[in-house]
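**Q** Let me begin by handing over the structure; questions about it come next.
The values are calculated or read from the model by the stated rules, or taken from the named source; none is laboratory data. Only a predicted model underlies this, so the values are computations on that prediction, with no experimental measurement involved. Here the Cβ positions follow ideal geometry from the backbone for every residue, glycine too, while neighbour counts run over all protein chains shown.
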Ligand SMILES: [Zn+2]
Ligand SMILES: [Zn+2]
């Protein structure tokens, strides 16, 4: 299993969202078994946040391979399904951060008023660090609502032949090209030609 350091390296910074994604992927692998080598595991994520980077690194479900499906509902919900039967787990984040003390509240207030002093920035960084540690150390049951599901699997990634766009000459996968006046065009070129006409 990938560790949190490897996830941070991929993502480029450390943040609470990344910590959540790391724990989500951990929970999924615990429940379903091994990291996805080919396409046996599919992740359906319901947001586009830092968490999704951690999920790609740890679960092996990646955007490029096509076994990561993004349904951007802005929800902290992640479903992992196994091919071919579609059984899996739905993980919903339920964790609530512990309440902030007076000092931190006034710190955020100063920050929102534009205060970027060393004192304020240091306090915010420390606060974020504590939050990340809390997420990394919490029990799964404290963080998530996890339930077993069985769902229809999204269509498997397919490879299509490429053609050359008749206008820009760049390669485009065939089903994405449109026939306009007997010429096969890529979508950006269709937009350009439409603009020229109107
Ligand atoms: Zn981040
Ligand atoms: Zn084109």
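**Q** Conditions: (1) away from ligand 2 (no atom under 16 Å from the Cβ); (2) surrounded by 11 or more Cβ atoms within 10 Å (Cβ to Cβ). Residue 125 meets all but one. Number of the miss?
**A** Result: residue 125 passes all but (2).
**Q** Check whether at least one residue in the stretch 168-178 is in contact with a helix residue (DSSP H, G or I) (Cβ under 7 Å, 6 or more places away or on another chain), within 16 Å of ligand 2 (Cβ to nearest atom) and part of a helix (DSSP H, G or I), and report yes or no.
**A** yes
**Q** Right, another one. Do the conditions hold for residue 64, that is, is it away from ligand 1 (no atom under 16 Å from the Cβ), under 14 Å from the mean Cα position of the chain (by Cα) and without any contact (Cβ under 8 Å) to a residue 12 or more places away in the chain? Talk me through it step by step, then tell me what you get.
**A** Working: away from ligand 1 (no atom under 16 Å from the Cβ): yes; under 14 Å from the mean Cα position of the chain (by Cα): yes; without any contact (Cβ under 8 Å) to a residue 12 or more places away in the chain: yes.
Yes; evaluated as a whole, the condition is true for this residue.
**Q** On to the next question. Go through (1) out of contact with any strand residue (DSSP E or B) (no Cβ under 7 Å at 6 or more places or on another chain); (2) at pLDDT below 95 one by one and return the number of the condition residue 82 breaks.
**A** (1)
**Q** Going by what's in this entry, would residue 135 be described as within 16 Å of ligand 1 (Cβ to nearest atom) and under 26 Å from the mean Cα position of the chain (by Cα)?
**A** Numbers: within 16 Å of ligand 1 (Cβ to nearest atom): yes; under 26 Å from the mean Cα position of the chain (by Cα): yes.
Judged against the criteria, residue 135 is a match.
**Q** Please pick out the residue among 54, 31, 126, 134 that is part of a helix (DSSP H, G or I), in contact (Cβ under 8 Å) with a residue 40 or more places away in the chain and closer than 20 Å to residue 5 by Cα.
**A** On the way: 31 fails: closer than 20 Å to residue 5 by Cα; 126 fails: in contact (Cβ under 8 Å) with a residue 40 or more places away in the chain; 134 fails: in contact (Cβ under 8 Å) with a residue 40 or more places away in the chain.
Answer to the check: 54.
**Q** Restricting attention to the stretch 109-123, report how many residues are over 29 Å from residue 5 (Cβ atoms), touching a helix residue (DSSP H, G or I) at 6+ places or on another chain (Cβ under 9 Å) and in a helix (DSSP H, G or I).
**A** 2
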